[in-house]
Amino acid sequence: MKDTPLSNCERDFLLKAIEEKKRLDGRQTYDYRKMKITFGTDYGCCFVDLGRTRVMAQVSGELVAPKENRPNEGIMFFNIELSPMASPAFEQGRQSELSVKLNRQLERCLRNSKCIDTESLCVVSGVKVWQIRVDVHMLNHDGNLMDAASIAAITALCHFKRPDVGIQGDEVTVYSPEERDPIPLSIYHMPISVSFSFFQQGTYLLVDPCEREERVMDGLLMIAMNKHREICSIQSSGGIMLLKEQVMRCSKIASVKVSEITELISKALENDKRARKAGGRCGFAESMPQERITALKTDETSVEMTDASETANDIVQKAEVPLQTVPSPVVPAPGVGQVGEGLQNTWGLEEEEDGDEEEEEQQMEEEQDEKEDSREGDVVEISDSEEEEVVILHPETQDKTSKKAASSSNQKGAETSKQRKKN
Amino acid sequence: MEVCARTNVTLREFGCEQTLLSRPDGSASFVQGDTSVMAAVYGPAEVKVSKEIYDRATLEVLIQPKVGLPSVRERSQEQCVRETCEASLLLTLHPRSSLTLILQLIHDDGSRLSCFLNAACMALMDAGLPMNCLFCGVTCAINADSEIITDPTAAQEKESRALMTFAIDSKEQRVMMSYTTGSFSVHELQQCIAVSQKASENIFQFYRDSVRRRYSKNL
Amino acid sequence: MFSGLREKVGQVLVPGDEFCLEIPETLSLSEPMKPEKVLLGPGLKRKGDRKLLVVKSGVLRHKQPHVFWVENQQRRYVPARGETVIGIITVKSGDVFKVDVGGSEQASLSYLAFEGATKRNRPNVQVGDLVFAQFSVANQHMEPELVCVDSAGRANGMGVFGAGGLLFSVSLGLIRRLLRPRSDVLSDLQKLLPCELVVGMNGRLWARASSVQQTLVVSNLLQSCDTMSPPQRQQLFRRAAQGAL
């Protein structure tokens, strides 16, 4: 599916508005859209809403053998899925440029910055380590997927708790969540990416572009930073030339934004921890807004079953008796098993059925004499087909009945053709 | 193998939200207990020439699991959902166009396929696609004591001897699609179908209530 | 005959609901029988000889004397003959422009379908321009065709436009409310700000006011009042009148 094309008047209007420092939704140049972070039922599932952009991240872990050149470290695996749900332009399965770009940026932001202590993921050196997998799904694309994905990924990693393992000599026991409390990952710092979009060859910049602003931008600068003001990665795409002062200014803005976002994430994690400790149910179901008219919820309902069993009994009794089947493999001889019964061949091509066939055939011929003549020509033509070349199954009777075979196969051809015509 | 008919067969609490995403033409999320699914519909939209059908719309269903890439299990569930949707949508009204239905699993706690079906129906209604009937999905499990449990959780599914999912239509409560695993007798099958038909009445009433609530505002 | 239908006017219906035609039990031979007819709008389909089927979920509406339809809050547009839409030119090939109208196929617009266009005098249309046109052919079996002239050959407000304004999308329900004869939304907006508005029935709106700021205000107001009831909308417009301007 193609996305709607951008018209010239939209482009001109957006650029003119940006020159007057006005954004489509009334934000200031350095403002982020409203951000909301919620968590799912199990540990490691996180939803991030950035304005109307919606992203879901899920973290999962399993025990695998480590990489050969790093036997003491766990493995981190990142995957961003551009689901076709997010935009009509995304296609399932196709690795588009955007998907490669986002995946690469997320890897650089989280893996190369060493925000997770991978050595603590080692269980038995060289044999078993934890592989932590982060899957990020885009649910709705309204611009700035990268920031939303990085926030979702790092929040999900902070939220995730892996099962506890016990090592006794060579044996490794993985305890389920009921036996022993799961352990959170050890995270050194939280890198968060901030995107800047540039317009008119770098003259104007906007933070957190929405989808239409992304379409008219000249280039994008992405800075990943943590709250200690350490830059984890910088990426500039679109081929714009930036001055040193511009990059310095952007990094200052980024540090302010990152500290705000980090605070929001910590608050969200706190609230979730408190809710879980209080014992209430938490998850996607609970976070559904109830006061909206587009949402509705019901409680557990019981199903009226009074006459259901009677109708079921009726149906079963009125139904036909099922075919008798042989219940289990039959052993006719040692070493030979037979499942199911071999049924009689009803194709009418075997020699011993010749007699019955011809009798039947004669009856049919008597009934349909007048049709026979008109069909004689047809029969000859049809019997030119494969019917003649069918292998006769009983070679010992071949000499006796060879002539008969030829004529009977002719007639058999007639009979099958009559059957076909009847059908 | 007699099945004792329990009179207290229950459905877990369910909830739904419509129009929660801004890009798709129709979207809905459906929650059954802890199992939740998000569905989005795009259509009728442009179709690739290789996939177009001259007299009907081409319906494509995509199921996205939470972890990892879609596998054979997702493909078989896509097939089930697609057959049900094709039977209830009026595809001949939009020839040479494409309808895409995307289902994202948010959390799986049993009754996955029936949750997919319910979310799909709500999303198709939200998108305003013409349908000749509504459909819903009900899952039944037969546990080791030969009791029928509707809408089982993941733990109940694991311990069950047989698991069946039926898609039921809204006009005559007939079975549109069935997906079964495990062994069971004909009698048990008929019992489960009867139970599913009864349970589907609750679900259709829920659909009606949520649509009524949605249109309750005078615009 | 369709009293069942009349009873349900104003109620919410879901796909699968059926209405049966009732045949009166006694036919009077003395009085003249007038055949009663019913005009079905979107969301209702005839099934067989005697039944009506609801195919979309929404509220059943009625207009005198005998028009019934189901009103829903849909976002996707399906081309229909005679409707005026805003299209974006995507391809300019030879004699025909291809226009994106938001449907399942791109519509075609011939270069001669503009006022005063001849083979020598071609209209000045570029790729990416906005065009306000009407469907001359739009059914499910054929490619949709647009024209920028009415049957008399005059432009009547149609043609290329767009400089200086902003294009945005809303739901089809809001478009219908804006195009009603005495539309509340439109009158409230006129009291607030003077602006130029082009309404395309494919869910697209174009607005231009005296400044960029005012144009943005108009577009944001219209996009937000999509799901608001009249009192909420009036409150929003009042706040906008006090605050932004």
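Summary table
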item: Strands (runs of 3 or more DSSP E) contained in segment C:35-147 and holding at least 3 residues under 19 Å from B:L90 (Cα atoms) and more than 21 Å from the chain's Cα centre (by Cα); result: C:51-54
item: Residue check, A:V165 in contact with a strand residue (DSSP E or B) (Cβ under 6 Å, 6 or more places away or on another chain) and modelled with pLDDT under 90; result: yes
item: Test set (1) in the same structural domain as C:V91 (by TED's automatic domain parsing); (2) surrounded by fewer than 20 Cβ atoms within 10 Å (Cβ to Cβ) - C:R176 fails condition number; result: (1)
item: Residue check, A:L6 within 14 Å of chain C (Cβ to nearest Cβ) and either touching a strand residue (DSSP E or B) at 6+ places or on another chain (Cβ under 7 Å) or within 15 Å of A:E214 (Cβ to Cβ) (or both); result: yes
item: Test: C:H62 is closer than 19 Å to C:L13 by Cα, of a type outside the set (S, T, Y), surrounded by fewer than 18 Cβ atoms within 10 Å (Cβ to Cβ) and touching a Phe, Trp or Tyr at 6+ places or on another chain (Cβ under 7 Å); result: yes
item: Tally, over segment A:112-151, of residues that are among the basic types (K, R) and either under 19 Å from A:I192 (Cβ atoms) or within 12 Å of another protein chain (Cβ to nearest Cβ) (or both); result: 2
item: Odd one out for A:M190, checked against (1) at pLDDT 90 or above; (2) outside any loop (DSSP other than H, G, I, E, B); result: (2)
item: Check on B:I168, more than 7 Å from every other protein chain (Cβ to nearest Cβ), assigned to a strand (DSSP E or B) and under 25 Å from B:N132 (Cβ atoms); result: yes
item: Inter-residue pairs, beta-carbon under 6 Å, first farther than 18 Å from A:G40 by Cα and in segment A:125-149, second among the acidic types (D, E), 6+ apart; result: A:Q131/A:E62; A:D142/A:E211; A:G143/A:E211; A:G143/A:E214; A:N144/A:D208
item: Identity of the residue in segment A:39-71, modelled with pLDDT of 90 or more, touching a Ser or Thr at 6+ places or on another chain (Cβ under 6 Å) and farther than 14 Å from B:S36 by Cβ, that ends up nearest to the other protein chains (Cβ to nearest Cβ); result: A:R52
item: Subset of segment B:126-165 (residues that are assigned to a strand (DSSP E or B) and under 30 Å from B:T92 (Cβ atoms)); result: B:M131, B:F135, B:C136, B:G137, B:V138, B:T165
item: C:F68 of a type outside the set (V, I, T), within 14 Å of chain B (Cβ to nearest Cβ), on the phi < 0 side of the Ramachandran plot and touching a helix residue (DSSP H, G or I) at 6+ places or on another chain (Cβ under 7 Å); result: no
item: Single residue of B:A119, B:A144 found to be free of Cβ contacts under 8 Å to residues at least 24 places away in the same chain and of a type outside the set (S, T, Y); result: B:A144
item: Segment C:209-218 - residue that is at the interface with another protein chain (Cβ under 10 Å from one of its Cβ atoms) and crowded, with 21+ Cβ neighbours inside 10 Å and, of those, farthest from A:E20 (Cα to Cα); result: C:V217
item: Residues (within 14 Å of chain A (Cβ to nearest Cβ), buried (at least 24 other Cβ atoms within 10 Å of the Cβ) and touching a Ser or Thr at 6+ places or on another chain (Cβ under 9 Å)) located in segment B:105-125; result: B:I106, B:G110, B:S111, B:S114, B:C115, B:A119, B:A120, B:M122, B:A123, B:M125
item: Neighbours by Cβ (under 7 Å, 6+ apart or cross-chain): first from segment B:150-164, without any contact (Cβ under 8 Å) to a residue 24 or more places away in the chain; second surrounded by 14 or more Cβ atoms within 10 Å (Cβ to Cβ) and not in a strand (DSSP E or B); result: B:E159/B:N143; B:S160/B:N143; B:S160/B:P152; B:R161/B:N143
item: One residue from B:S178, B:S216 being within 13 Å of another protein chain (Cβ to nearest Cβ) and among the hydroxyl-bearing types (S, T, Y); result: B:S216
item: Exclusive hit being under 28 Å from C:G128 (Cα atoms) and assigned to a helix (DSSP H, G or I), set A:A17, A:A89; result: A:A17
item: Options C:V67, C:V96: the member that is under 27 Å from B:M125 (Cα atoms) and surrounded by fewer than 16 Cβ atoms within 10 Å (Cβ to Cβ); result: C:V67
item: Index of the failed condition, C:V160 passing every other in (1) in contact with a Ser or Thr (Cβ under 8 Å, 6 or more places away or on another chain); (2) within 14 Å of chain A (Cβ to nearest Cβ); result: (1)
item: Pairs, first in contact (Cβ under 8 Å) with a residue 60 or more places away in the chain in segment A:158-181, second part of a loop (DSSP other than H, G, I, E, B) and of a type in the set (S, T, N, Q), C-beta under 8 Å, six or more apart; result: A:P163/A:S176
item: Filtered residues of segment A:260-296 (kept if modelled with pLDDT of 90 or more, surrounded by fewer than 16 Cβ atoms within 10 Å (Cβ to Cβ) and hydroxyl-bearing (S, T, Y)); result: A:S266
item: In segment B:13-34, the residues that are among the hydrophobic types (A, V, I, L, M, F, W, C), closer than 21 Å to C:Q73 by Cα, in contact with a helix residue (DSSP H, G or I) (Cβ under 9 Å, 6 or more places away or on another chain) and within 7 Å of another protein chain (Cβ to nearest Cβ); result: B:C16
item: Odd one out for A:P191 among (1) surrounded by fewer than 19 Cβ atoms within 10 Å (Cβ to Cβ); (2) over 23 Å from A:E19 (Cβ atoms); result: (1)
item: Exclusive hit being within 14 Å of chain B (Cβ to nearest Cβ) and over 21 Å from A:R11 (Cβ atoms), set A:A156, A:A224; result: A:A156
item: Exclusive hit being more than 11 Å from every other protein chain (Cβ to nearest Cβ) and under 18 Å from A:L6 (Cβ atoms), set C:L166, C:L205; result: C:L205
item: Selection within segment C:95-137 - of a type in the set (V, I, T) and in contact (Cβ under 8 Å) with a residue 40 or more places away in the chain; result: C:V99, C:V101, C:V131, C:V137
item: A:F13, sole failed condition from (1) surrounded by fewer than 20 Cβ atoms within 10 Å (Cβ to Cβ); (2) within 14 Å of chain C (Cβ to nearest Cβ); result: (1)
item: Candidate set from segment B:191-219 (those that are over 19 Å from the mean Cα position of the chain (by Cα) and either under 19 Å from C:V54 (Cβ atoms) or at pLDDT 90 or above (or both)); member that is surrounded by the most Cβ atoms within 10 Å (Cβ to Cβ); result: B:R214
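The values are calculated or read from the model by the stated rules, or taken from the named source; none is laboratory data. Since this is a predicted model, take the numbers as computed values, not measurements. Cβ: placed from backbone, ideal geometry, glycine included. Neighbour counts: every protein chain shown.
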